[in-house]
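> There's a structure below that I have some questions on.
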Amino acid sequence: MSRVAIVTGGTRGIGEAISVMLKDAGYTVAANYAGNDERAKAFTEKTGIKAFKWDVSNFEACVAGVKKVEEELGPVEIVVNNAGITRDGTLHKMDHDAWQAVIDTNLGSCFNMCRATIDGMRANKFGRVVNIGSINGQAGQYGQVNYAAAKSGIHGFTKALAQEGARAGITVNAIAPGYIDTDMVAAVPPNVLEKIVAKIPVGRLGKAEEIARGVLFLVSDDGGFVTGSTLSINGGQHMY
């Protein structure tokens, strides 16, 4: 029986690429999504990967979602915390709702999903957690104090949980993508995007599949000696 992996935000963008690559490598994948039912249905029809709807910012929803996945697919041994949102704005214009929504979805979801699965991983003496951070959690970004704080928090969360899980056969790592050619980046004004690309040494945006390949290695048996690490995949834009 193949190992079961949950990918949050797994039906579009980077999450979709991760879900597909894990499935192609032989994993049983559950792709979580938050709200776009039509997109999720199309994703499942296209890929054959089951999509499960719940709000990762809600702890009880995560517990119930994991339970449903395990009832249908089996024990969850791999969690990829990819779900994320943006609510950009400078601090002096940002309201508390914009701050809290990003913290809860991008960072709180890592606690929610790991807490909902850690007991099973410890019992099975095996687990893989990959948290998707960001270059902007490493370097900061104007107009993104909420997003940068949440993504930076992911890196600290990763290192601490890695220490807790190591003796139980659980590895916990992070990937910090740079600017990737996804819908989120496509929404950036062209003149701004041009300036961003100009600062990337390799001279282009990254591809979602390039992030997925990093995830695939970290969740594999070959990645078993890697834990507490952050893999930066950013074309050399920020060397950290």
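> When Lys and Arg each count +1 and Asp and Glu each count -1, what net charge do the other residues less than 12 Å away from N106, Cβ to Cβ, add up to?
Charge balance in the 12 Å sphere: +1.
> Quick check on the exposure proxy: order F225, F43 from fewest to most C-beta atoms within 10 angstrom.
F225, F43
> To continue, here is another question. Going toward the positive end of the dipole of region 4-233, with +1 on Lys and Arg Cβ and -1 on Asp and Glu Cβ, which of P75, S232, G127 do you reach last?
The residue sitting most towards the positive pole is S232.
> Would you kindly work out the equivalent ellipsoid of region 116-240 from its C-alpha gyration tensor and give its semi-axes, the square roots of five times the eigenvalues, largest first in whole Å?
Value: 30, 15, 12 Å, ordered largest first.
> If you build the convex hull over the alpha carbons only and average its shadow over all orientations, what do you get for the chain? Give it in nm² to one decimal.
Averaging across all directions leaves 12.6 nm² for the Cα convex hull.
> OK, next. With θ set to phi - 60° and the Karplus curve 6.51 cos²θ - 1.76 cosθ + 1.60, what are the ³J(HN,Hα) couplings of region 190-203 in order, to the nearest whole Hz, using x for Gly and Pro?
Result, ordered by residue: x, 5, 6, 4, 4, 5, 5, 4, 4, 9, 8, x, 7, x Hz.
> Given H placed on each backbone N at 1.01 Å, which residues far from R3 in sequence or on other chains put an amide H within less than 5 Å of it?
Long-range HN contacts for R3: T28.
> Take every Cα pair under 8 Å in the chain that's 6+ residues apart, average their separations, divide by the length, and report that relative contact order as a whole percent.
Relative contact order comes out at 19 percent.
> Would you mind ranking S229, S57, S134 so that the residue whose beta carbon has the fewest other beta carbons within 10 Å leads the list?
In increasing order of surrounding Cβ atoms, one gets S229, S57, S134.
> Another question, if that's okay. Which whole-Hz couplings ³J(HN,Hα) result when phi for each residue of region 107-124 is put into the Karplus expression 6.51 cos²θ - 1.76 cosθ + 1.60, θ = phi - 60°, listed in order with x for Gly and Pro?
Karplus values, whole Hz, x for Gly and Pro: 9, x, 5, 5, 4, 4, 6, 6, 5, 6, 10, 5, 5, x, 5, 5, 5, 8.
> Using a simple charge model, +1 on the beta-carbon of Lys and Arg, -1 on the beta-carbon of Asp and Glu, nothing else, what dipole does region 4-233 show about its Cα centre, in debye to the nearest 20?
Its charge dipole is roughly 360 debye.
> Test of understanding: in a Gaussian network model of the chain with alpha carbons linked when under 10 Å, which of P75, P201, P189 would top the mean-square fluctuation ranking?
Highest fluctuation among the options: P189.
> OK, next. What are the lysines whose alpha-carbon lies under 26 Å from the alpha-carbon of K46, with same-chain residues fewer than 8 places away excluded?
Filter leaves K23, K67, K68, K207.
> Step through the residues of region 6-13 one at a time and calculate ³J(HN,Hα) from phi using the Karplus curve (6.51 cos²θ - 1.76 cosθ + 1.60, θ = phi - 60°), rounding each to whole Hz and writing x for Gly and Pro.
My calculation for region 6-13 gives 9, 10, 7, x, x, 10, 8, x Hz in order.
Every number here is computed from the coordinates shown, using simple stated rules; none is lab data. Because the structure is a prediction, the values reported are computed rather than measured. No Cβ is skipped: glycine too gets one built from the backbone with ideal geometry, and neighbour counts run over all protein chains shown.
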